[in-house]
Amino acid sequence: MASVDTGGDSGGGKKGKKRAKKSSTHIDMTPMVDLAFLLLTFFILTTTMSKPTTMQLTFPVDPDDTSKVTKVNNAVTLILTKDDEILYYLDELKAETVFQKADYKSIRKVIQERNMPAIQKINELTKQFNKQVGGDKEKFKQLEPQYKQMVDSIKGLKESVFCIIKPDEHAKYRNMIDIVDEMDICGVGKYAVSDKFAEAELEYLKNYLGGK
Amino acid sequence: MPKSSPALDMTPMVDLAFLLVTFFMLTAQFKPEEVPVDTPSSQSTMEVPKDDILFITIDTAGRVTWDFKQGKTKQLGVRDAVLASMSTKYNVTFTEEQKEKFTKLSGIAVPIENLAGFLDQQGGDQRKAYAEKYKGVPYDSLNNQLKEWLVATRVEYYAVANAQPTVVLKADGNVDYSVVNDVIKIFQTDEVGINRFKMVTDLEKSGL
């Protein structure tokens, strides 16, 4: 390969001659090999493995504070159960409360609906923030902490939804991760994971799962 | 400029070079994880920290593994100190060889009574088989070894670094939430006192 016999071309015009006239041009392949090794070395040194990511989770110190619910005016209770299903109800648990069914795709609409004021405010804020920053990296670094603080305070407003997440004994770990992820996506700052079930909830669950 | 024909034909050398590179690219494998875990996915893009983390793993069968990844504190021997502390607490002794192995190994997935046997196993596969027999670090209320490991790690790390270690929980997506909840409850006890921790997830493709 270091020398290429191009005699075939120059000899093609002459028919009948068994031996083509050997031309003196031969291609030096050194630069090609050099480039090959260079590219190889470059890619070996610059590829990075994709690392597994983490989710920061801070559990409230005392998850039994569901008594706070009665003082909150916008609450959703999400009961995570078997087969990736969610049973939810709005506001306090009363005799006439209707348990509704959802899955991990449809629950987003439900939460976003309840959290509409907060979401709108956050979107407004984000638009303003992006306008102010205008692609300037320095400004971004400067204004980002303030932006984050303002988003947190919006999430903490009284009208922003408060979600109580109750995984039952059939719920899987990934169900909980998915729901906490939804909290993040839907801009919910107030949520608590609890394992205390009310009598009515247990009754409903028993009937619901019993019929499956 | 007419190029003179090379005295030595390099073709075979180049061919061999490419052949070897291709061979090693296709046959190199990553070091298999001691405990295979299929983590759930999330939108979070925060990366797993690398140094000085207290790493608790829960696999599909609900077995708990304790690990402390030494980074900057390697020379300060946090793992050795934790082993010494646990060894006094449970009255189990280890040979020098076993102690050395402990420092180099990553996850411990056996009760402390079987730890010596675990450390004596020769390879990753044997260790996995051994761990499967003993069902991970026990954490039931009568024999809460997990709690002792956690307390010992926190105490020893604090002694050298004057700070709390980062705590990371890696659990398989299909584990019952109640198992994870039990471990989290142990984190939240007063003696252990871990209320902030990170959970390892795969990066979810955006726009689902």
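The values are calculated or read from the model by the stated rules, or taken from the named source; none is laboratory data. Quick caveat: nothing in here was measured; it's all calculated off a predicted structure. Note: ideal-geometry Cβ built from the backbone for every residue, glycine included; neighbour counts use all protein chains shown. Remember, those area values only see protein heavy atoms, side chains included, never the ligands or the DNA or RNA. Shrake-Rupley method; radii C 1.70, N 1.55, O 1.52, S 1.80 Å.
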Query raised in the report: In the range B:122-145, is there at least one residue being buried (at least 18 other Cβ atoms within 10 Å of the Cβ), touching a helix residue (DSSP H, G or I) at 6+ places or on another chain (Cβ under 8 Å) and within 14 Å of chain A (Cβ to nearest Cβ)?
Result: no
Query raised in the report: Which residues, counting only those in the range B:63-109, are assigned to a loop (DSSP other than H, G, I, E, B) and more than 30 Å from B:Asn181 (Cβ to Cβ)?
Result: B:Lys72, B:Thr73, B:Gly77, B:Asn91, B:Thr93, B:Phe94, B:Thr95
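Taking the range B:115-140 only, how many residues are under 26 Å from B:Ser178 (Cα atoms), in a helix (DSSP H, G or I) and not hydroxyl-bearing (Ser, Thr, Tyr)?
Looking only at that region, the number is 5.
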Report summary line: Taking the range B:38-49 and keeping only residues that are in contact with a Lys or Arg (Cβ under 7 Å, 6 or more places away or on another chain) and either at pLDDT 75 or above or of a type outside the set (Val, Ile, Thr) (or both), one is left with B:Thr39, B:Pro40, B:Glu47
Query raised in the report: Cβ-Cβ below 6 Å, separation at least six or inter-chain, first residue in the range B:188-199 and in contact (Cβ under 8 Å) with a residue 12 or more places away in the chain, second among the polar types (S, T, N, Q) and surrounded by 19 or more Cβ atoms within 10 Å (Cβ to Cβ): which pairs?
Result: B:Lys198/A:Thr54
Requested in this report: Mind listing just one residue for me: the one in the range A:189-212 that is closer than 22 Å to B:Gly173 by Cβ and assigned to a loop (DSSP other than H, G, I, E, B) and, of those, farthest from the other protein chains (Cβ to nearest Cβ)?
Outcome: A:Lys212
Report summary line: Across the range A:155-173, the tally of residues that are more than 14 Å from chain B (Cβ to nearest Cβ) and either touching a Leu at 6+ places or on another chain (Cβ under 7 Å) or in contact (Cβ under 8 Å) with a residue 60 or more places away in the chain (or both) stands at 7
Report summary line: Residues in the range A:112-149 that are outside any loop (DSSP other than H, G, I, E, B), under 30 Å from A:Thr77 (Cα atoms) and open to solvent by less than 90 Å² (accessible area, probe 1.4 Å) total 12
Report summary line: Checked against (1) surrounded by fewer than 18 Cβ atoms within 10 Å (Cβ to Cβ); (2) in contact with an Asp or Glu (Cβ under 9 Å, 6 or more places away or on another chain), A:Ser153 satisfies every condition except (2)
Query raised in the report: Any idea which residue in the range B:153-182 is most open to solvent (accessible area, probe 1.4 Å), counting only those that are among the β-branched types (Val, Ile, Thr) and part of a strand (DSSP E or B)?
Result: B:Thr166
Query raised in the report: Looking at B:Val110, B:Val82, which one is under 22 Å from B:Pro165 (Cα atoms), open to solvent by less than 30 Å² (accessible area, probe 1.4 Å) and hydrophobic (A, V, I, L, M, F, W, C)?
Result: B:Val82
Query - Evaluation of B:Asp67 against (1) open to solvent by 60 Å² or more (accessible area, probe 1.4 Å); (2) under 13 Å from the mean Cα position of the chain (by Cα) (one fails), failing number - result: (1)
Query raised in the report: From the list A:Gly187, A:Gly134, which residue is on the phi > 0 side of the Ramachandran plot and under 21 Å from the mean Cα position of the chain (by Cα)?
Result: A:Gly187
